[in-house]
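Since every read-out is calculated from the coordinates, none of them should be taken as a lab result. None of the values given here were measured: they were computed from a predicted structure. Cβ atoms come from the backbone with ideal geometry, glycine included; neighbour counts cover every protein chain shown.
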Amino acid sequence: MTTPKPRVALFVTCLVDFFRPTVGFSAVKLLEDAGCEVSVPAGQTCCGQPAYNSGDRAGARALAEQVIALFEGFDQVVVPSGSCAGMIKTHYPDLFSGEPNWRLRAEALADKTHELTSFLVDVLGVAPLPVTFEGTATYHDSCSGLRELGVKDQPRRLLSAVDGLTIKEMHDPEACCGFGGAFCVKYDEISNAIVDRKVADVRTTGAELLLAGDLGCLLNIAGKLKREGSSVEVRHVAEVLAGMTNGPAIGETRK
Amino acid sequence: MSGGLTSLSFPKNAHAALANPPLLKAIAHIEETLVSGRRRAAEALPEFEALRDAGRDIKAHTLAHLDLYLEAFERKVVEAGGFVHWAADAADANRIILDICQKAGARRVTKGKSMITEEVGLNAYLQANGIAPVETDLGEYIIQLRGETPSHIIAPAVHVNKEQVAADFRRVHTDLDPKRNLDEPTSLLAEARGVLRERFLSADVGITGANFLVAETGSTVIVTNEGNGDLTQILPKTHIVLASIEKVVPTLEDVATIMRLLARSATGQEMSVYTTFSTGPRRAGDPDGPEAFHVVLLDNGRSAMLGSEFEDMLRCIRCGACINHCPVYRSVGGHAYGSVYPGPMGSVLTPSLQGLEKSAHLANASTLCGRCESVCPMRIPLPKMLRHWREKEFERHLTPKKARFGLAAWRFLAARPRLYGLATRLGAWGLARLAGRDGALRQVPLAGGWTRWRDLPAPEGGTFRTEWAKRGRK
Ligand code: SF4
């Protein structure tokens, strides 16, 4: 008797949907290769984090209800972002502290929601299909994934199996990149000072590729590198793991 | 608030700080001193994480029974022959302290390093009433000479470099031999020592803060690295301790537990150089100590935090670790905040002290990266509390109109998946067209805050949802 495939829903995230569908397709490939049956529920938009971090609790709750209703029927929910996964896992239950019914549903969803690399390593425990990527990369630990969900070794473990890839660590890979959602435009000058330090740290590694698991940070760091005329490429970790690196890197000229 | 900066002008203050290379150079040192110090100290102590739990629990327990422990503390101080005064706010505290000084006929008071006297504005108040306060901690002494306020809670002069200090000493210590070498931190220290020694001896009253108040014994505790605190409280005839109510802990044992966290989190030292316990005035047969011992217990908004979503903040032991690890503080330094307490702990505390209206920006000027919470020895959920302030701001309609409008528009769309799909499809297509083959945009309408400093990577083209649907997938 074969065990039925786990029914996994992908929460694409609004940034991946808008800026970088390749990350979504990479996640689907990784999940399918690992034996999951993947769905992408139509009707998904955003997890509500922008409202939550702006103090708009009611707005965040409305979107959380939408996400809960859409995703609670699946066995597992996977998110290619530590920030959005963290929102669902650690903050949704908090949003419904006064409403026991919704709170239970939020907790149930939180329990089965996972950041992508953590799902592959901690839940499935499978090695992705072998891929090759020649070069040296450095890995930026995105804040929410790292500090809310404990995502640190998982992406590095997966990357260590990529043929031809060397990882060179930054002096401080856990330092914030300065994105911070609305922060990066509200306090743009400070945000710039922070991403400046991040980019300097990237540069000292000599790596030609920067990887991370969150598109917010990646857009910020890539944007800064491009502005400086740097040749360092920037990609989401899922792209490398899935071998979907034929297209241009983030912010890179199309061929 | 140095140079009269306020929290309301935070972005302008930050702009000025970012254009001040000596300041940026000075605060960059925090990385190799305080941050790496803490990391080494934490790694060297296997039970460090368990100690953090224990510290948190001690403080949480005390806060749950704060009235009880404060009364016990008061009884013990009185038993030991000291006096306890209760101050509801800053004005109260200042009045009480002035009164004690006047009754003691004081003209000059020495001070140990204390943020709480900054909070109540004691120096200016004493000065206005004809009493000269002399700061005796080297960092505090330096900024007093410069007419500034501390830019950091444990390293008040962290924003100043040694060349600036040498210049200040030559300006103020007028009898200083111009040939005297002041190139090294040690020679600066010796110079300050020489001047301060004489002041210690001529002071009538010594004022210190307290790192702990011990309910079991009625002791107040200070930790310092220079020993100046000891001279401040032992030499004058009167010793006044000003401390806020949440400094109390039940027992000496509790002090010992939290002490193991304090210096490690602050500087990476296992212990500060001096740890001094004061219990009442000098007793018959004591070799030294003050003749009168006063403790002024300050509330100043703290009791209102009890039972609120900000209660956890009262666990703070003022180690400064959250400040040292904050990417925003590390970019602009402490004065830009325009508040007595800078960095994450300051941004949580300040609205409670001075009101939310006067504290605009503080809770928002954070990426919520969470590093503060990850290093806080008391495990205070700082990002969560910053977000609580943002919620209060939003509830009270203090959030700027533009941000509110943008949020409402985005909310409207995000709650309507079909419309959202259409809007994002158009947006992604439009931006991709605008970028052409470039892959990144140097300028985008309405996104000036982003593109002033960095390119905006262009969308790939179609949204994921459209591409997915094109493949006939669900
Ligand atoms: S909030 Fe925590 S880390 Fe910050 S000063 Fe207080 S105890 Fe230290």
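Estimated purely from DSSP H runs of n ≥ 4, each contributing -39500 (n - 2.57), the mean residue ellipticity at 222 nm for chain B is -14500 deg cm²/dmol once divided by its residues. Counted over chain A with a bin width of 10 Å, the fraction of Cα pairs per bin, in whole percents, is 7, 32, 36, 20, 5, 0, 0.
Dividing the convex hull volume of the alpha carbon atoms of the protein assembly as shown by its residue count gives 170 Å³ per residue. Measuring max minus min along each principal axis, the C-alpha atoms of the stretch B:176-237 give extents of 53, 24, 11 Å (largest first). P(r) tail, chain B: Cα-Cα pairs separated by more than 37 Å, 35% of all pairs.
Order the peptides A:16-22, B:137-143, A:80-86, A:162-168 from the highest to the lowest mean number of other Cβ atoms within 10 Å of their residues.
A:80-86, A:16-22, B:137-143, A:162-168
Using the Cβ-Cβ distance between B:Glu43 and B:Tyr274 with R0 set to 25 Å, the FRET efficiency works out to roughly 0.45.
Placing a label point 7 Å from the Cα of B:Leu422 along the Cα-to-Cβ direction, the residues of the stretch A:12-39 whose backbone N falls under 19 Å of that point are A:18.
Partner shielding of A:173-183 amounts to 5, given as the average count of beta-carbon atoms from other chains within 10 Å of each residue beta-carbon.
The average projected area of the stretch B:38-196, computed from the convex hull of its Cα atoms over all directions, is 13.4 nm². Extension gain, B:Asp67 to B:Arg197, is 42.8 nm, computed as 0.36 nm per intervening residue step minus the present C-alpha separation.
Taking neighbour counts of Cβ atoms within 10 Å as a proxy for exposure, in what order, fewest first, do B:Phe73, A:Phe96 appear? All intermediate terms of the calculation are to be shown ahead of the outcome.
Numbers: B:Phe73 27, A:Phe96 19.
Listed from fewest to most nearby Cβ atoms, that is A:Phe96, B:Phe73.
The amide H of B:Asn300, built 1.01 Å from its N in the peptide plane, has B:Asp89 as neighbours under 5 Å, considering only residues 5 or more places off or on other chains. Excluding same-chain neighbours fewer than eight residues apart, the lysines reachable from B:Lys76 by a Cα-Cα span under 27 Å are B:Lys59, B:Lys103, B:Lys111, B:Lys113, B:Lys237, B:Lys247.
Here the label points at B:Gln164 and A:Thr253, each 7 Å from Cα along the C-beta direction, are separated by 4.5 nm in the simple model. Taking a straight Cα-Cα cut-off under 16 Å and skipping sequence neighbours fewer than 8 places away in the same chain, the aspartates and glutamates within cross-link reach of A:Lys168 are A:Glu134, A:Asp141, A:Asp153, A:Asp201, A:Glu208, A:Glu233. Taking every alpha-carbon pair in the stretch A:110-255 and binning the separations at 5 Å intervals from zero gives 2, 9, 20, 23, 21, 14, 8, 3, 1 percent.
A convex hull fitted to the Cα coordinates of the stretch A:1-82 yields 91 cubic angstrom per residue. Looking only at the stretch B:268-297, which residues have a backbone nitrogen under 19 Å from a spot 7 Å from the Cα of B:Glu216 in the C-beta direction? Residues passing the 19 Å test: B:275-280.
Please give the helix B:343-354 orientation as an angle from the longest Cα principal axis of chain B, in degrees from 0 to 90, rounded to the nearest 10. Orientation of helix B:343-354: about 70 degrees from the principal axis. Between B:Thr257 and B:Arg171, the contour length at 0.36 nm per residue exceeds the alpha carbon distance by 26.5 nm. Of all aspartates and glutamates in the structure, those lying under 13 Å Cα to Cα from B:Lys25, and not within fewer than 8 positions of it along the same chain, are B:Glu163.
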